[in-house]
Each structure stands twice: as C-alpha cells, then as structure tokens.
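Report on one structure; see the data block that follows.
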Amino acid sequence: MLTEKDFIATSYNSIESASFEWSAPSNIALVKYWGKKENQIPANPSISFTLNNCKTITKLEVVKKSENNSFSFDLLFEGKPKEDFKPKIQKFFERIEQYCPFLKEYHLKIDTQNTFPHSSGIASSASGMAALAMNIMSLEKAINPTISDKYFYSKASFLARLGSGSACRSVQGEVVVWGNHAKINGSSDLFGVEFSEIHSNFKNYQDTILLVDKGEKQVSSTVGHDLMHNHPYAERRFAQAHENLSSIKAILSTGNIAEFIKIVESEALTLHAMMMTSMPYFILMKPNTLEIINKIWKFRNETQIPVCFTLDAGANVHVLYPENVKANVLQFIQDELVGYCQNGQYICDQIGNGAKSN
Ligand code: PMV
C-alpha cells in the first residue's frame, strides 16, 4: 500500500528541456464527497463515473533554469495568457512542493484548454488539475525513468487531489473510488483507485448534461465543504456515504439498474439537502432543476425506461441512462427537457476511462 512518504521524489536527474501533453476528463460522483479534513482528506469515501468528452487538454513545456529557489511559470488558457488563474496554480505548486521538489528547477509553460464551453457551469477544476498532475508525472518520469506505472498513476491522482479533491477521480479507470472504505480493497484517502467489478449493463453508460444555469456559483465547493464542520447532520451523512458505497459496490457488479437509480438520486438530493441545512444555508438548484427532475420521474414512471438524474454542486442536471435506451432518452430530452436549459444547451457524454497522453 502506497503511503504519503512514498510520494516524495528523492532521486532524480535533470533534463535541459521537454514537453508533454495530456488530456484528462471530468467525472460525475454517484456517491458524493462533501466535507473534508485537513490536506484535502475527504470526510467520507466517494465513487464516480469518469466522463469521456468533457475534458481539459494541457500542454506543459519545461526548460531548465539556473536558480531553483522559486516557482516560475507562464499560464495560457486557449493560447492566451491568463493571469487570474495563476494564484490557484501557484498555491497548488506550493502544496505539492515537498513531493515534487524538482519543479523549482524548471521554468514551466502551461497551456490549457477545455473541450466544454467556458463557464458552462461544468467545473473544470477536476479535469484541469488532473491534466496538470499527469504532465507533472511525465516530467518526473523523464528525470526518473525507473518509476512504475502504479506509482505514476497513483501519484498523479495524489497530486490532483491536492489541487482539487475530486480531481483525483479523473486520472485512471471508468469507475473510481476515493476514500477509505472497509469493503473496497486498496481504497485510500490519498488517491483514487479504479473499481473494476462492473456489470455489462453499465458499459458505455450515458451522461447527458443539461446546462440549466451557466452563471458563476454563488457558493464555491471550498466554502460548501467547510460548512460540513459543525453541520448538525454531518456524522450521520458521512456514515450514510459508507453505507451507500457498500450498496453501490454490489449494484455495479450485479448490474441492478433499479437499485442504482435509488442510490444515485438519493445521493444527489442528500448533497443538496446538506447545503440547505448548513449555517449559512444555501440553494444551488434552480426552478428548472426541479422541473427537469419531475419530468424525469414522470417519464420513467410512464415508460419504465431506466433514466435517472444526479447533480453536482450547481443547478445543472446530469441525466444518466444505459446505452440501449439512448435513442428514446435523447428524444425525450429534445421533446421535454431542452426548454429548461439555458439557451437550449446540453452536452452528450458517456463513461470514459481516464487521462490520455497526446
Ligand atoms: O472537488 P471539489 O472540492 O470541487 O468538490 C466536489 C464536490 C462534488 O462535486 C459536489 C461532489 C463530488 O464528489 O464530486
């Protein structure tokens, strides 16, 4: 079992210059992470589907420099300098410095872009931090070719976690667990691990993301996680996440979609219930979020087509369904749900299997 100490790079060489490019996808949690301890340690374990189409593509160019007492980097978004992203990246480098001391030996040029529209309400922090972490691991591999694949991917996820918690679930695998769970072998608070006992019913599972509100979130997830400290329902909620993870583990391996729907929708509403019952309290759903949820329930009742929803920390709705009902569900979305989306916009995605080197 890899521990935090194992991720401290100690022996490595240096190179004059190099360039790398990785894409990393977004992910959607089925059992939600909401609440954390020090150092991005989750208050409860979570599990997610890795997406395929919503991703960040990041290129990293490194050039050796003469001094090594500070981080030095340029940050470009879609090819243009993006000063307002820099403080977040600076903070990330400071957090990972002890694990990647070699970073200060280079000037870095980071050029990043997303495949999904900017400010679509789809968080780019998971895919963005995962893509950057992959590139940093490619640099580590270039200066220390002896590292194993297991170390490479586990440390990439470990670093991504320090950037943005759920980013650690965007590195490797179609379904990823993050956080210690008694019944999931190898699960860790430090990094995400692939969960591979998946029934064929979930193969190419679809996620159509309905863009209900593309505005800036009124409450960031950082603030939201913090509000779980002293939250009246926190302890029960954390225990429930462990229970739901046990249930969904069995559901994913037996292919029981009816039970899958119960857990996934309950988790989405519980996440928002935690927001509504914190102090201060807040609501991230919009009227159209509720309209869509009600339409999905009505459609499911009437047709018996196993379509369900989940939410992340925002108003957008992720519509989840098996591949074999894709045509019916897309027709339903066109006929009945598009009217609730901002400018009629939605994104078709499905399960993918993680970061790729380009
Ligand atoms: O990774 P963060 O700190 O942005 O938190 C993400 C939290 C949720 O998206 C609401 C749930 C999850 O598990 O992804």
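The values are calculated or read from the model by the stated rules, or taken from the named source; none is laboratory data. From a predicted model like this one, the values you see are computed outputs, not experimental measurements. Cβ atoms come from the backbone with ideal geometry, glycine included; neighbour counts cover every protein chain shown. These accessible areas exclude ligands, DNA and RNA; they are computed on the full protein's heavy atoms, side chains included. Shrake-Rupley method; radii C 1.70, N 1.55, O 1.52, S 1.80 Å.
Of the residues making up the range 33-42, those that are open to solvent by 20 Å² or more (accessible area, probe 1.4 Å) and either in a strand (DSSP E or B) or more than 9 Å from the ligand (Cβ to nearest atom) (or both) are 36, 37, 38, 39, 41.
The set of residues in the range 91-104 being open to solvent by 60 Å² or more (accessible area, probe 1.4 Å) and either outside the structural domain of residue 115 (by TED's automatic domain parsing) or under 21 Å from the mean Cα position of the chain (by Cα) (or both) consists of 91, 95. Taken together, the residues in the range 72-114 that are under 18 Å from residue 164 (Cβ atoms) and part of a loop (DSSP other than H, G, I, E, B) amount to 4. Restricting attention to the range 220-243, the residues that are within 12 Å of the ligand (Cβ to nearest atom) and in a helix (DSSP H, G or I) add up to 7. Checked against the criteria, residue 30 counts as within 13 Å of the ligand (Cβ to nearest atom), among the hydrophobic types (A, V, I, L, M, F, W, C) and not assigned by TED's automatic domain parsing to the domain that holds residue 314. The combined condition, being more than 16 Å from the ligand (Cβ to nearest atom), more than 16 Å from the chain's Cα centre (by Cα), assigned by TED's automatic domain parsing to the domain that holds residue 50 and under 19 Å from residue 91 (Cβ atoms), is fulfilled by residue 135.
Quick check, is residue 109 open to solvent by less than 10 Å² (accessible area, probe 1.4 Å), away from the ligand (no atom under 16 Å from the Cβ) and basic (Lys, Arg)? No, not satisfied. Of all the numbered requirements in (1) within 16 Å of the ligand (Cβ to nearest atom); (2) surrounded by fewer than 20 Cβ atoms within 10 Å (Cβ to Cβ), residue 8 misses one, and that requirement is (1). None of 55, 5 is without any contact (Cβ under 8 Å) to a residue 40 or more places away in the chain and not small (Gly, Ala, Ser) except 5. Residues considered: 16, 67, 78. Of these, the only one that is more than 16 Å from the ligand (Cβ to nearest atom), closer than 19 Å to residue 130 by Cβ and surrounded by fewer than 13 Cβ atoms within 10 Å (Cβ to Cβ) is 78. Every test in (1) open to solvent by 30 Å² or more (accessible area, probe 1.4 Å); (2) of a type in the set (A, V, I, L, M, F, W, C); (3) assigned to a loop (DSSP other than H, G, I, E, B); (4) more than 26 Å from residue 354 (Cα to Cα) is passed by residue 198 save one, and that test is (4).
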